[in-house]
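One structure is given here, and the rest of the page talks about it.
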Amino acid sequence: MNNEPRSVQKANSYQFEAKALELDKTVWTDEVLAQGYEKFFIRFWDQLNKTTNSLQVLEAAQFQIVRMPSSRTEPIKLPFDILSFELAGSDQLFSKSEFLRSLKPWFEKGIRLSQSEWRHVGFSPPTQGRPARSVIEFTLHLQNVTEMKKWTIQGKLEATWDAISAGGDVQASEMNREASRKQIPISSFG
């Protein structure tokens, strides 16, 4: 139990709040700034979770260029008829419209995003002559229910920001993909 008078407690509370605000402006400046950029991916993730048409969410997202590895390694066969491979090679550049066009055949075949995860794991604040950059780890779970196929795509996105409200260039790296043609019974993991 605190025996200090209420006026002293209130003054201490104000001092604590002032010190916290001062730390936000000095020690935690980059962290507070990173949280502002992270909001782009939080909103994006929320929108993906609310829709059955993830292509519409991508169309509305603010980005200009996507860089992705241009080739993949030979698949490695895993148990349960799972194939795993990594995307590698030199970067292939896509404008936003080209990137969206490259995804349309997947949607036309009935492939849908069933779940995604996004983690803002790195941030470099803007400096003179260099925009802010973020590193986002992602996992995408795709499925085609009619053909009983599933895919998991994991990787990192490096976002170069034009402004805090709009993403600029997005570079996908360290990507790998696993595909399965079988339903894996839950008892297999027990």
Of all strands (runs of 3 or more DSSP E) fully inside region 62-137, the set with 2 or more residues that are more than 28 Å from THR51 (Cβ to Cβ) and of a type outside the set (Ser, Thr, Tyr) is 76-78, 82-95
Regarding ARG72, is this residue of a type outside the set (A, V, I, L, M, F, W, C) and over 26 Å from GLY36 (Cβ atoms)? yes
Out of region 51-61, which residues are part of a helix (DSSP H, G or I) and surrounded by 14 or more Cβ atoms within 10 Å (Cβ to Cβ)? SER54, LEU55, VAL57, LEU58
Do you know which of the residues in region 1-34 that are surrounded by 11 or more Cβ atoms within 10 Å (Cβ to Cβ) and either touching a helix residue (DSSP H, G or I) at 6+ places or on another chain (Cβ under 7 Å) or part of a loop (DSSP other than H, G, I, E, B) (or both) is modelled with the lowest pLDDT? ASP24
Residue within region 73-89 that is surrounded by fewer than 16 Cβ atoms within 10 Å (Cβ to Cβ), within 20 Å of ALA159 (Cβ to Cβ) and in contact (Cβ under 8 Å) with a residue 12 or more places away in the chain present: no
Over region 28-41, the set of residues in contact (Cβ under 8 Å) with a residue 12 or more places away in the chain and either under 13 Å from the mean Cα position of the chain (by Cα) or over 17 Å from SER134 (Cβ atoms) (or both) is TYR37, GLU38, PHE40, PHE41
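The values are calculated or read from the model by the stated rules, or taken from the named source; none is laboratory data. This structure is a prediction, so every number in the text was calculated from the model and none was measured. Glycine also receives a Cβ, built like all others from the backbone with ideal geometry; neighbour counts cover every protein chain displayed.
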